[in-house]
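Take a look at the structure set out below.
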Amino acid sequence: MNCPEHGIGVEHIPWSAGKRPVTIAMMGFLARWARRLSWRETARVFQVSWEAVYRSVDWYVQWGLAHRILEAVEAIGVDEIHWGKGLRADNFLTVIYQIDRHCRRLLWVGPRRTQASLRRGLAASDRRSSRGEVCLQ
């Protein structure tokens, strides 16, 4: 809005995130359904684009990573997972996860199964900002 007395004003819209065409509630709705159905099927059923489903899932994953707390992690597990065809190094992932009795969750996934990848994952999982938030890549 452009007020002659106060100039241009910007209002906060609590149900939206930035310039996204989908509301936060709709992103949550689509992301939850995308856990049960394929992203293509979710898009078809709810008459949105595949990209809207993708962006909804991505937004919620990024939000979750930014808000998770890792200070209570007592035990971790490290594994390598093969995906795709062939045994090339690019077809493996390094996975770090929490294996505490009270909580089991994925902490980090990185490309390849190398010592360098494991070191990056351990460093990323251990980094904290000055406010105690986790900074993951």
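The values are calculated or read from the model by the stated rules, or taken from the named source; none is laboratory data. Small disclaimer: the values here were computed from a predicted structure and weren't measured. Cβ sites come from the backbone with ideal geometry, for glycine too, and all protein chains shown count toward neighbours. Each accessible area value is taken on the protein alone, full model and side chains, heavy atoms only, with ligands, DNA and RNA left out. Shrake-Rupley method; radii C 1.70, N 1.55, O 1.52, S 1.80 Å.
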Within the range 95-137, the count of residues that are at pLDDT 85 or above, over 17 Å from the mean Cα position of the chain (by Cα) and within 17 Å of Leu65 (Cβ to Cβ) comes to 4
For the range 62-99, which residues satisfy the criterion of being free of Cβ contacts under 8 Å to residues at least 24 places away in the same chain and in contact with a helix residue (DSSP H, G or I) (Cβ under 8 Å, 6 or more places away or on another chain)?
His82, Trp83, Gly84, Lys85
Tally time: how many residues in the range 40-55 are in a helix (DSSP H, G or I), under 17 Å from Gly28 (Cβ atoms) and open to solvent by less than 80 Å² (accessible area, probe 1.4 Å)?
5
So, of the residues in the range 66-110 that are within 13 Å of Ser125 (Cα to Cα) and aromatic (Phe, Trp, Tyr), which turns out to be most open to solvent (accessible area, probe 1.4 Å)?
Tyr97
Consider the range 30-39. How many of its residues are open to solvent by 80 Å² or more (accessible area, probe 1.4 Å) and touching a Ser or Thr at 6+ places or on another chain (Cβ under 6 Å)?
1
Does the range 82-98 include one or more residues that are part of a strand (DSSP E or B) and of a type in the set (Gly, Ala, Ser)?
no
